[in-house]
Amino acid sequence: MGIPEAMNNYGLSDPDAAQAKQQALQTEFPTFANKSAEDLEDILKYEDLFQSYFDGLEQVQMNKTVQLELEIGNETLSKKILGQEKDMDELRQTIADRQAILDSLTTAFYEKIKTQHDAIKPFAPSHLLQGLKSAAHQADQDSDQLAQRFLYDAAGGNNGSPGLVDSADQFVKEFRQRRKQYHALMAKYERATTDPSAIDGLPAQHVL
């Protein structure tokens with residue numbers, strides 16, 4: 001029971017309030033609850049005594065223990081990582097070696113693809129069609145050159161020569177052969193132009 005307000009003329013502490021504060025002190029700071037006023041004054045007065053008392057507090061001891069455990073854990077982890085450095089270097093070297101092998105295989109693969117492409121290119125329909133056209137054009141030019149050469153020889157004073165008839169017969173034979181070749185190639189070219197399947201299976205040398 002507290003002191004009645006009318007009788008508390010000397011500023012005395014309420015016993016209930018004082019008891020509540022003492023209980024709170026014992027609950028929150030149990031180490032201070034057992035100290036006398038003189039002890040508390042000495043703790044606050046002398047720094048070394050305060051530090052010694054502070055270091056002995058349970059909360060401080062727990063914090064130091066946790067900090068020490070963290071330091072030990074970090075040191076252990078660092079040693080473990082350093083111990084694995086050699087393995088990591090070997091792993092990196094292995095990866096580099098395998099990457100070099102992969103690059104080499106990739107280069108070889110593309111070279112083989114190019115070789116195969118170059119090998120089958122002459123047999124591609126477009127290439128064969130162009131070959132037919134070029135061969136026909138060449139046969140046409142050859143026949144024209146043959147005719148021009150014969151006419152040039154005939155105009156060069158060979159009129160009446162006994163060999164002129166033989167030359168004419170040879171010219172007609174060669175000219176017909178080359179014109180026949182030209183028309184045959186042009187027929188194949190025109191047929192292949194309208195019907196691409198007509199050129200399938202035709203060897204490249206037949207059109208070159």
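The values are calculated or read from the model by the stated rules, or taken from the named source; none is laboratory data. Source: prediction; values computed, not measured. When we count neighbours, we look across all protein chains shown, and the Cβ atoms used for this are built from the backbone with ideal geometry, even at glycine.
Summary table
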{"read-out": "Which listed residue is under 60 Å from the mean Cα position of the chain (by Cα) and at pLDDT below 75, from L164, L202, L185", "value": "L202"}
{"read-out": "Index of the failed condition, A37 passing every other in (1) surrounded by 10 or more Cβ atoms within 10 Å (Cβ to Cβ); (2) over 30 Å from D169 (Cβ atoms); (3) of a type in the set (G, A, S)", "value": "(1)"}
{"read-out": "E85 being acidic (D, E), closer than 30 Å to L40 by Cα and loosely packed, with under 10 Cβ neighbours inside 10 Å", "value": "no"}
